[in-house]
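Asks: I'd like to ask some things about the structure below.
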Amino acid sequence: MASRGKRSAASSAPGSRKARKDSTRHVRTGAAASTTRGTSKRAGAGHQQREPLPTLDLTRPQHVPDLVYLACFRRRKFARGRFARFVSERIGSSNAAGRFIARIPVETLAVFLAREVRPVSDDREPLNECFELPDGGMLEFAGDHMDAAETVLRLLAVHDENRLGHLVELLGMHDRAWLHTLALEARDARLIELGFGDIDDVDRLFVPWHAPLLIRKLERAAGVRLAPASATQSIAPDEVLTFVHNLREPQRAQALERLHFLMICQAVRDAGRKIRQMTPDNMNRSAMQALRVLAKGIAAAGGNRNLLAGPEIGTVYRLGLAAAPSPAREARPSAHLTTRK
C-alpha cells in the first residue's frame with residue numbers, strides 16, 4: 001500500500017491529478033492508457049491516373065526524430081511549448097507510446113525536461129508534486145508543462161528504464177545551456193547525415209532560388225551536364241516513388257530517408273508548425289505534394305532520375321519549387337488542412 005501523499009502505478013489513473021503546493025511530497029506515477037488510432041485511405045478518381053499514396057502516419061516511430069527536429073527546432077531555438085503539445089497530442093498514453101518515446105533523441109528530452117523538473121535533495125522538502133524514479137529518487141515538477149513532462153517520465157519508467165537513467169544523469173551533470181548545445185549538436189549531426197546540413201529550419205528549404213543557379217549546382221554535384229528541360233517533358237509523381245524504391249541497398253534506405261525528410265518538411269510547412277493540424281490526412285496530402293514537387297524538379301533537370309538517389313534530391317526539390325511557384329511555395333495552404341479533434 002502506498003504511503004501518504006504518494007500514488008503507486010497500480011492505483012493511480014492518468015489524468016486524475018490533484019495538484020497541491022505544500023511541503024508534502026506528491027508522487028506521480030502510472031501506466032499508459034490505451035487509445036485508438038484511425039487510419040486514412042484515399043482513392044483516386046476512376047478515369048484519372050491514380051497517384052501513389054505515401055504514408056506519413058505518425059504511428060511510425062522511425063519518423064519521430066525528424067518530425068521533432070523540424071517541428072520543434074528553428075535554427076538555434078527550441079520550441080518547448082510545441083514539443084509539449086507534440087508529446088501530449090501525438091504520443092499521449094497510447095499502447096505504442098513506448099516506441100515513440102524510444103525514438104525521440106535523449107538530448108531533446110533532456111533540454112525539454114531541464115526547465116520542467118529538478119532533482120529533490122535530502123536537505124529540502126519539495127513544494128510541488130514529484131515523480132518517483134525506479135531507483136527511489138525524486139524529480140520535482142517545476143515548469144509549465146507538467147502533464148507532458150510526466151508523460152515522458154512515466155513512459156520511460158515503464159518501457160525503458162536505462163534510457164530514463166541516462167536522461168536523469170544528463171539532467172544532473174549539465175546545466176540548461178549545455179543541454180541545449182547537446183540537442184543542437186544531435187540535430188545538426190542528423191542533418192549532415194542526410195546531406196541537408198543547411199536545412200536547420202523548414203523555411204530554408206522554401207527560400208526562392210533562380211532555376212539556372214540550381215541547375216548549375218546539380219551539374220557540379222553530378223559531374224555531368226544536364227539535358228535541357230523539354231516543354232513537353234512530364235514526370236509523374238509515382239515515377240519518383242518507384243525509382244527510389246527500386247534502388248539497391250544500402251542506397252535505397254538512404255534515399256528513402258531523404259525522401260521522407262522532405263515530405264515531413266512539406267507537412268510541417270503546410271501545417272504552419274501547428275501540431276494539431278498534423279493529422280494523418282494532412283500529412284498524407286503533404287507527402288503527395290512533395291512527390292509532385294520532386295517530379296517537377298526532375299523534369300526541369302532534363303529527366304535525370306539519378307539525382308534522386310543522393311543528397312542532390314534536396315536541390316531537386318528546390319528546383320521543383322522554382323518550377324511551380326504557385327501551389328508549392330504557398331506559405332500555408334490551409335485550404336486542404338483539417339484539424340485534429
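Just so you know, all these numbers are worked out from the coordinates, no wet-lab data involved. All of these numbers come straight from a predicted model, not from anything done at the bench. All Cβ positions, glycine included, derive from the backbone under ideal geometry; neighbour counts span all protein chains shown.
Asks: Amide H of GLU129: which non-local residues (sequence gap of 5 or more, or other chain) have their own amide H closer than 5 Å, using H built in the peptide plane?
Replies: Residues meeting the amide H criterion: ARG20, PHE141.
Asks: Just to verify a number: FRET efficiency for ALA253 and ARG124, C-beta to C-beta distance, R0 = 51 Å, to 0.05?
Replies: 0.55
Asks: Given H placed on each backbone N at 1.01 Å, which residues far from MET138 in sequence or on other chains put an amide H within less than 5 Å of it?
Replies: VAL120, LEU133
Asks: May I ask for the equivalent-ellipsoid semi-axes of the stretch 202-336, computed as the square root of five times each C-alpha gyration tensor eigenvalue and listed largest first in whole Å?
Replies: Result for the stretch 202-336: semi-axes of 24, 17, 13 Å.
Asks: Report, by chain and number, residues whose modeled amide H sits under 5 Å from the one on VAL117, excluding near sequence neighbours (fewer than 5 apart, same chain).
Replies: Answer set, sorted by chain and number: ALA142.
Asks: Next question. For a footprinting-style exposure proxy, rank MET146, MET173 by other Cβ within 10 Å, fewest first.
Replies: Taking fewest neighbouring Cβ atoms as first place, the list is MET173, MET146.
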